[in-house]
Amino acid sequence: MSKMQKPAAFSPDDRNQPLYADRVRVYPQAVTGKVRRAKWAVLGFCLGLYYLLPWMRWDRGPGQPDQAVLVDMDKGRLFFFPIEVWPQEVYYLTGLLLLGALGIFAATSLFGRVWCGFACPQTVWTDLYMLVERWIEGDRNARMRRDAKPRWSAGDWGLKLAKHAAWILIAAATGGAWVMYFTDAPTLLRDLLHFDVSPSILGFAGLFTLSTYLLAGWAREQVCTYMCPWPRFQSAMLDDDSLAVSYRAWRGEPRGKARDTSAGDCIDCRACVNVCPTGVDIREGLQMACINCGLCIDACDGIMTKLGRPTALVAFETVGNLAAATAATAAIPPGPARCAPGMAARRPARLLRPRTWFYAAAMSVIGAVMIGAFAGRTDVGIEALRDRAPLFVRLADGSVRNSYTLKISDRRASVERLAIGVEGLPGGASWGVLNGGEPDAAGRPTIETRADGVAEARLFITTAPQGRPEEESTPIRIRLLQPGSDTERAAVGTVFLRPRS
């Protein structure tokens, strides 16, 4: 058995390291290229969808809101174009959240933190804020020179104030748009113009305005690196076939000057670092702070193009291909001769593999269940809540009575009278509804639904003395029927209780 190595002793320098380090400010540089164009397209789509969606109209008939997407807190409804989700159907939202989570897991398994780099709200709004910052204050070097001044001039203060004013306007538009998902957008805008807005709406709009301004304007990369939990378990989502932004060290190392024929392709210009919104050096490998935005790809491709060398020194690459290319070029001296053998050693990324099949299967199952549940929805529904205090009542003649509260929901804009039937009771049992309508032709009590709402009724079920069930708990089924027929509109199962013998 080999001897255990002694742990290395702490040096005085280690003991003197502070537990907290000041933030190193990141000054991202503007860059152009195919990845940047793709990010602009995603940013425009996301911002347009967010700001414009509350203004889209959808005709649902008289008395119904005509906003296409609306969370109606007063009525307890979620409207999404033709779909109307009631509070008791919250499982649809649960299914959507599961689909969203599995979708992000699948995207990460395939393409790394592509969600973080392209579509995460923090990334989208931070990109917008940095764009405004560059328009007003200038690019990286101009901002760094200004911030390094010991004293700002009046012009410097003017640029800073203009930038923050623009940020606050964007934040206010963001907070206002968020509130519009919970109230009618044109009505809210009119109320704002007339200074007639409730304190609760102003409070929520102010909260989201402040959070947008702080997170996108001030916190920025700190959110991605320290506040967001996703970077801490992203490695569990990746494998050797996951495409992630990577530096091809087998081609770029050792670094040297552009004219050095014995060095790799990387000239250590730090262009990839300067454009990174989180300040990451991609040449150090996969890191927690890297959001996979790919801007370093555009920066490096621009340098390689100017030098007349092949692009894609930084690219979306798999760990397996990096290892294969490194092994294939290990015996080849640094320089252009490494490029062809290294690229030839690569293989196409396997998009279909056990991990991605699992995600696809899970999403398919959840999606199928949601579609099946949605297809089986009815306009009329019923819930039965049995009284628990008391569980039952023994009447003077020995019969037993149970009481229930019925909640009958109707999604339609018109009312309907329905009969109430009960299955599973012994012969001689009867039931009635408090304040119900006239019985139908079969003698069953009736009740009128409430248009686009929930009607409540008290149902009393009584067994005859000689017809009591022998069991302490008897399963029964309460049905909503077409009056005078046995056509069932909705039903719910419950139990009838009696005292022990």
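The values are calculated or read from the model by the stated rules, or taken from the named source; none is laboratory data. Bear in mind the structure is a predicted one, so any value in this text is a computation, not a measurement. Reconstructed Cβ throughout: ideal geometry from the backbone, glycine too, with neighbour counts over all protein chains shown. These area figures cover heavy atoms from the full protein model, side chains too; ligands, DNA and RNA do not enter into them. Shrake-Rupley method; radii C 1.70, N 1.55, O 1.52, S 1.80 Å.
Numbers below:
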item: For region 239-345, size of Cβ-based charge dipole, Lys and Arg +1, Asp and Glu -1, in debye; result: 520 debye
item: Dipole axis of the chain (+1 Lys, Arg; -1 Asp, Glu on Cβ), positive-most option in Ile168, Ile332, Leu70; result: Ile332
item: Value of Rg to Rh for region 409-456 (Rh from inverse mean 1/r over Cα pairs, i.e. Kirkwood); result: 1.04
item: Among Gly294, Leu352, Ser262 the positive-end extreme of the charge dipole of the chain (Cβ point charges); result: Ser262
item: MRE, 222 nm, helices only [DSSP H, n ≥ 4, -39500 (n - 2.57), over the chain, to nearest 500]; result: -11500 deg cm²/dmol
item: Exposure of Glu383 as accessible area (Å², to 10), given a probe of 1.4 Å and all protein chains; result: 80 Å²
item: Cβ crowding within 10 Å averaged over residues, with 484-492, 319-327, 274-282 ranked highest first; result: 274-282, 319-327, 484-492
item: Extension gain from Ala148 to Leu189, taking 0.36 nm per residue of separation minus the Cα-Cα distance; result: 10.5 nm
item: Cβ-Cβ FRET estimate between Leu202 and Ala368, R0 fixed at 56 Å, reported to 0.05; result: 0.80
item: Point-charge dipole on Cβ atoms (K/R +1, D/E -1) for region 65-208, about Cα centre, debye to 20; result: 980 debye
item: Total formal charge among the other residues, if their Cβ is under 13 angstrom from that of Arg36, Lys/Arg +1 and Asp/Glu -1; result: +1
item: Accessible-area value, Tyr27, 1.4 Å probe, nucleic acids and ligands omitted, Å²; result: 40 Å²
item: Cross-link pairs Lys34/Lys163; Lys39/Lys149; Lys257/Lys306; Lys34/Lys149 - those with Cα-Cα distance over 25 Å; result: Lys34/Lys163; Lys39/Lys149; Lys34/Lys149
item: Dipole axis of the chain (+1 Lys, Arg; -1 Asp, Glu on Cβ), positive-most option in Val369, Val35, Met237; result: Val35
item: Accessible area per residue, Å², region 189-347 with all protein chains present, probe 1.4 Å; result: 49 Å²
item: Neighbourhood charge, 13 Å Cβ-Cβ cut-off, centred on Arg355 and excluding it, Lys, Arg +1 and Asp, Glu -1; result: -1
item: Pairwise FRET efficiency - Met73 versus Ser211, Cβ, R0 = 35 Å, nearest 0.05; result: 0.95
item: Neighbourhood net charge (10 Å Cβ-Cβ; Lys/Arg +1, Asp/Glu -1) for Arg377; result: -2
item: Accessible carbon and sulfur surface of the chain relative to its total accessible area, %, 1.4 Å; result: 64 percent
item: Rounded to the nearest 20 debye, dipole of the chain from Cβ charges on Lys, Arg, Asp, Glu; result: 2040 debye
